[in-house]
């Protein structure tokens, strides 16, 4: 990522010569194009999981900033020399951990344009095109996933921020003037309770902490054999809390849980929310993207009856992180929960145009819609659906490999593109199986061609293989399976 030509000297005011953007930008784009090219010359030349120890990168970097500007040649050389060896390559086709994020060509170009334009999208006036592009793009996404009713959408960074906004709406809807009067020292406010599955993402816990509701008031409901929340148990918990003088305010249902991609019954939760007067938030951060596939649109059945929804295009719609679509039905309520207009932010258009600063905690907002808009246009509905369909097919193929292997077992249904499995040979107790599976995962990750993560289901360690990178092919799945079997043989042999 270097060029022999030296950087021209610069003064102490103004930007660098824009010609450097042309020359060095071309170098960076060439490097990225090579990096994203399938095969051993691209990202596959690097180990997926960074093979460094904590502190190694920090120790390799200067302890103090430079007094004088350095050349872009030197800086880019250090990116490759110092930073790339310490990078875990989420854009590697062998990345099967957590949920893969993968940037695509149109998404990268959109991010580049957004950085160059550098608009601050706090008011319509400060970013008219970005504001209206966000409105249109999120309505496109709504249509693509099959939602019929109108929703108000905004793009935030992550689902963690989206669920915080959703629960802030639920708190506002409860009617205790918490926005103005707070919660502390108020005898007139009952304990406010929120309900979710025991497998719901930890971001809900963090939202409870942030909003002053308290983790103890997040009621985690057990799941059934398919790892879906038990609606009957949630109904009983709500009734018991109400009888005890508490106030149920929100239910969180999940379409694609992190551990297993299980899908809660959103229609049943919508019924319960209506009965109990609770806000219903649907966390479809992962599974919502799959609804662009026509035959998977049922995943969001019942969501049109919810109050809020989150989908992460950066998880499975090939848009660079971060890009989270947060939707609410009651736009006025969201605005009531967050709007605060200082004198210096008053504009003539505020009653007729969208000022996104009114709908969340942020004032300044960068233009995230541009990259998503470019992705949706470049791939189209059919192209997006075909790519996600292919990922689901690869996951089912891998599940078949596990199922027929003998000493391995599937540990959860495979509704989408995640497989939960483990090495489970006969004659070995569960505690030993736990240790062996962690050792198998460590060996595979250290090998560098694949990267896996794990979870715990029913008290037992389970490995996860999540297909989601836009460049993952069957050969990468087969290579991972070969590495897993080799590692299992080595771990079992070492224990004899």
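The values are calculated or read from the model by the stated rules, or taken from the named source; none is laboratory data. Model, not experiment: these values are computed from the prediction. Note that each Cβ is placed from the backbone with ideal geometry, even for glycine, and that neighbours are counted across all protein chains shown.
Is one or more of the residues making up segment 271-281 in a helix (DSSP H, G or I), buried (at least 22 other Cβ atoms within 10 Å of the Cβ) and either free of Cβ contacts under 8 Å to residues at least 40 places away in the same chain or over 16 Å from the mean Cα position of the chain (by Cα) (or both)?
Yes, segment 271-281 has at least one match.
Have a look at 360, 302 and point out the one that is closer than 29 Å to residue 389 by Cα and either in the same structural domain as residue 385 (by TED's automatic domain parsing) or in contact with a helix residue (DSSP H, G or I) (Cβ under 9 Å, 6 or more places away or on another chain) (or both). Break it down into steps so the answer makes sense when it comes.
Details: 360 fails: closer than 29 Å to residue 389 by Cα.
Within the list 360, 302, the selection yields 302.
Only one of 399, 378, 332 is surrounded by fewer than 17 Cβ atoms within 10 Å (Cβ to Cβ), assigned to a helix (DSSP H, G or I), free of Cβ contacts under 8 Å to residues at least 40 places away in the same chain and over 18 Å from the mean Cα position of the chain (by Cα); which? Outline the logic, then answer.
Numbers: 399 fails: surrounded by fewer than 17 Cβ atoms within 10 Å (Cβ to Cβ); 378 fails: free of Cβ contacts under 8 Å to residues at least 40 places away in the same chain.
Of 399, 378, 332, the one residue that is surrounded by fewer than 17 Cβ atoms within 10 Å (Cβ to Cβ), assigned to a helix (DSSP H, G or I), free of Cβ contacts under 8 Å to residues at least 40 places away in the same chain and over 18 Å from the mean Cα position of the chain (by Cα) is 332.
Please work out which one of (1) surrounded by fewer than 22 Cβ atoms within 10 Å (Cβ to Cβ); (2) within 30 Å of residue 170 (Cα to Cα); (3) under 20 Å from the mean Cα position of the chain (by Cα) is the condition residue 389 fails and give its number.
(2)
Has segment 466-481 got any residue that is assigned to a loop (DSSP other than H, G, I, E, B) and without any contact (Cβ under 8 Å) to a residue 24 or more places away in the chain? Talk me through it step by step, then tell me what you get.
Residues of segment 466-481 that are assigned to a loop (DSSP other than H, G, I, E, B), as a first pass: 467-473.
Narrowing the set further to residues that are without any contact (Cβ under 8 Å) to a residue 24 or more places away in the chain leaves none.
For segment 466-481, residues assigned to a loop (DSSP other than H, G, I, E, B) and without any contact (Cβ under 8 Å) to a residue 24 or more places away in the chain: absent.
For residue 218, state whether it is under 22 Å from residue 175 (Cα atoms) and surrounded by 14 or more Cβ atoms within 10 Å (Cβ to Cβ).
Here the answer is yes, as residue 218 does meet what is asked.
Name the pairs: first residue in segment 338-358 and within 16 Å of residue 119 (Cβ to Cβ), second residue outside any loop (DSSP other than H, G, I, E, B), Cβ to Cβ under 6 Å, at least 6 apart or on different chains?
354/131; 356/154
Scan segment 403-443 for residues that are part of a helix (DSSP H, G or I), crowded, with 20+ Cβ neighbours inside 10 Å and within 27 Å of the chain's Cα centre (by Cα) and jot them down.
437, 440, 441
For residue 163, state whether it is touching a strand residue (DSSP E or B) at 6+ places or on another chain (Cβ under 7 Å), more than 22 Å from residue 457 (Cβ to Cβ) and surrounded by 23 or more Cβ atoms within 10 Å (Cβ to Cβ).
Yes, satisfied.
How many residues does segment 417-434 hold that are touching a residue at least 24 places away in the same chain (Cβ under 8 Å) and more than 21 Å from residue 401 (Cα to Cα)?
Total meeting the criteria: 2.
Go through (1) closer than 23 Å to residue 484 by Cβ; (2) surrounded by 16 or more Cβ atoms within 10 Å (Cβ to Cβ); (3) over 25 Å from the mean Cα position of the chain (by Cα) for residue 40 and report which single condition fails.
Going through (1) closer than 23 Å to residue 484 by Cβ; (2) surrounded by 16 or more Cβ atoms within 10 Å (Cβ to Cβ); (3) over 25 Å from the mean Cα position of the chain (by Cα) one by one, residue 40 breaks only (2).
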